[in-house]
Amino acid sequence: MSLLDLCDREIASVGLDASVADAIHKMLDHHVGAVAVVDSDFRVAGIFTERDVLRKLALSRLDPQTTSVRDLMTTPVEMATRSTGAGEALTTMLERHFRHLPVADDDGKLLGILSIRNLLEWRVDDLSRELESLEQYVANDGPGG
């Protein structure tokens, strides 16, 4: 399964010229905790997350309407690619304490955003199928087998 299959269908992103308020509205509209910040060619320039809102905006007295998301976004951004496996992405996210991981092509163009929720749902489904298979195997084992 491709990482893109695990990403949310709609990509939440804003341009470099967006305000912090625009980014927050985008997160609220898409019910996500992060937006990718992209340049005019849709290449990932940064990521803006709920943590950025709390750590960089909440007590800063900056006006979200007039503050550029460029000023508060997290950069550089670690990204996954089409060739990154789901297990590898999960390990990266757990080790680095990321809740969101952009997926980009070789030129850095945004293809999707993976959330830890997406990966944990995939892993639970995978383990459930494995358990079901093992239960079926044990149940089908006849006498002397």
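Per-residue answers, yes or no, for (1) in contact with a Pro (Cβ under 6 Å, 6 or more places away or on another chain); (2) modelled with pLDDT of 95 or more; (3) of a type outside the set (V, I, T):
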site: L28; (1), (2), (3): no, yes, yes
site: V35; (1), (2), (3): no, yes, no
site: F48; (1), (2), (3): no, yes, yes
site: R61; (1), (2), (3): no, no, yes
site: R70; (1), (2), (3): no, yes, yes
site: M79; (1), (2), (3): yes, yes, yes
site: L90; (1), (2), (3): no, no, yes
site: L101; (1), (2), (3): no, yes, yes
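Take the residues in the range 25-51 that are of a type in the set (K, R) and assigned to a helix (DSSP H, G or I), then tell me which one is surrounded by the fewest Cβ atoms within 10 Å (Cβ to Cβ). Applying the filter and picking the extreme gives R51.
For the structure I just gave you, tell me whether D22 is surrounded by 12 or more Cβ atoms within 10 Å (Cβ to Cβ), assigned to a helix (DSSP H, G or I) and not hydrophobic (A, V, I, L, M, F, W, C). Working first, answer last.
Numbers: surrounded by 12 or more Cβ atoms within 10 Å (Cβ to Cβ): yes; assigned to a helix (DSSP H, G or I): yes; not hydrophobic (A, V, I, L, M, F, W, C): yes.
So D22 passes the test.
If I ask for residues that are in contact (Cβ under 8 Å) with a residue 40 or more places away in the chain and closer than 19 Å to L90 by Cα, which ones from the range 1-26 would you list? Across the range 1-26, the qualifying residues are M1, S2, L3, L4, L6, C7, D8.
Only one of the listed residues (L119, L131, L111) is more than 14 Å from the chain's Cα centre (by Cα), of a type in the set (A, V, I, L, M, F, W, C) and either at pLDDT below 95 or in a strand (DSSP E or B) (or both). That residue is L131. Output yes when any residue across the range 81-95 is on the phi > 0 side of the Ramachandran plot, of a type outside the set (D, E, K, R) and out of contact with any Ser or Thr (no Cβ under 9 Å at 6 or more places or on another chain), and no when none is. No: the range 81-95 contains no residue that is on the phi > 0 side of the Ramachandran plot, of a type outside the set (D, E, K, R) and out of contact with any Ser or Thr (no Cβ under 9 Å at 6 or more places or on another chain). Here L54 qualifies as part of a helix (DSSP H, G or I), without any contact (Cβ under 8 Å) to a residue 12 or more places away in the chain, among the hydrophobic types (A, V, I, L, M, F, W, C) and out of contact with any helix residue (DSSP H, G or I) (no Cβ under 8 Å at 6 or more places or on another chain).
The set of residues from the range 52-85 being of a type in the set (A, V, I, L, M, F, W, C), more than 27 Å from L120 (Cβ to Cβ) and surrounded by 17 or more Cβ atoms within 10 Å (Cβ to Cβ) comprises L57, V69, L72.
How many residues does the range 1-18 hold that are buried (at least 18 other Cβ atoms within 10 Å of the Cβ) and not in a loop (DSSP other than H, G, I, E, B)? Spell out how you get there, then give the answer.
The first filter runs over the range 1-18 and keeps only residues buried (at least 18 other Cβ atoms within 10 Å of the Cβ), leaving 3, 6-7, 11-14, 18.
Those still in the list that are not in a loop (DSSP other than H, G, I, E, B) too: 3, 6, 13-14.
Selection size over the range 1-18: 4.
Filter the range 86-108 down to the residues that are without any contact (Cβ under 8 Å) to a residue 40 or more places away in the chain and in a loop (DSSP other than H, G, I, E, B), then identify the one that is surrounded by the most Cβ atoms within 10 Å (Cβ to Cβ). Within the range 86-108, the match that is surrounded by the most Cβ atoms within 10 Å (Cβ to Cβ) is F98.
The values are calculated or read from the model by the stated rules, or taken from the named source; none is laboratory data. Small disclaimer: the values here were computed from a predicted structure and weren't measured. For neighbour counting, all protein chains shown are included, and Cβ atoms are generated from backbone atoms with ideal geometry for every residue, glycine included.
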